[in-house]
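These notes concern the structure reproduced below.
No lab work stands behind these numbers, since they all come straight from the coordinates. Computed from a predicted model, the values in this text were never measured in an experiment. No Cβ is skipped: glycine too gets one built from the backbone with ideal geometry, and neighbour counts run over all protein chains shown.
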């Protein structure tokens, strides 16, 4: 399978603090890689570097054979804190990126319709963000990213601020969307269960300066739901292994 994202000996420092060092990682075409690690180990920094928002101090990140130096149109990012513009309606928020990209108005309208329906927001197109629940706001953020029709999706703990029930609903929605449109995806999370449910592989990082401690193949067949993953015999084994890796370093 083709490697779509390659991280080669990546190092990032802030002053005297080294966030991650000589970090190597690859993500294959159509694969979902979930990244776990202690708080402050640089997961979000790594994701932003993949998007070209933060430069590395050493090493490089390559997407589709070209080194990342700035954001590109075929890579979209979904942030933890929604990032919606409160003065714009749902449809306008979803259309924001594709409008900036200069797509024809008819194409924009069709994509807004398509991805509004895909994330379950039909009927809320004219609502403002303050009129929506947290889960619905995150659906808007996801639809805005999907409307770019990217090859690569970077997800920075997009469900981290949501209640447990809403979180599981959106995890199932994302699994369903991945079945329809199998993007290459890197998903940052603090939840072991979420990483196993969504990922083809789970990357466990060490504390700062972060390196890859272990990469676990999930090996649970798709299509999936969260409930089917939790019921799978391999789930407990994977969960325990992730816990041991994370707790050993903490201890």
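The relative contact order of region 84-149, computed from alpha carbon pairs under 8 Å that lie at least 6 residues apart in sequence, is 51 percent.
Averaging the inverse of every distinct alpha carbon separation and then flipping it gives the Kirkwood radius. What is it for region 84-149, in angstrom units? Before the final figure, lay out the partial values.
Details: mean 1/r = 0.0881 Å⁻¹.
For region 84-149, the Kirkwood estimate is 11.4 Å.
Here the convex hull built on the C-alpha positions of the chain has a volume of 132 cubic angstrom per residue.
Across region 20-106, Cα pairs under 8 Å and at least six residues apart give a relative contact order of 17 percent. Can you put 183, 81, 178 in order, fewest other beta carbons within 10 Å first? Ranked by crowding around the Cβ, least crowded first: 81, 178, 183. Placing one equal scatterer on every Cα of region 68-201 and applying the Debye formula, the log10 ratio I(q)/I(0) at q = 0.22 Å⁻¹ is -1.49. Peptides 19-29, 163-173 ordered by packing proxy, namely the average of other Cβ atoms within 10 Å per residue, highest first: 19-29, 163-173.
Just checking the listed ones, 117, 92, 193: in the Gaussian network model of the chain with Cα springs under 10 Å, the one fluctuating most is 117.
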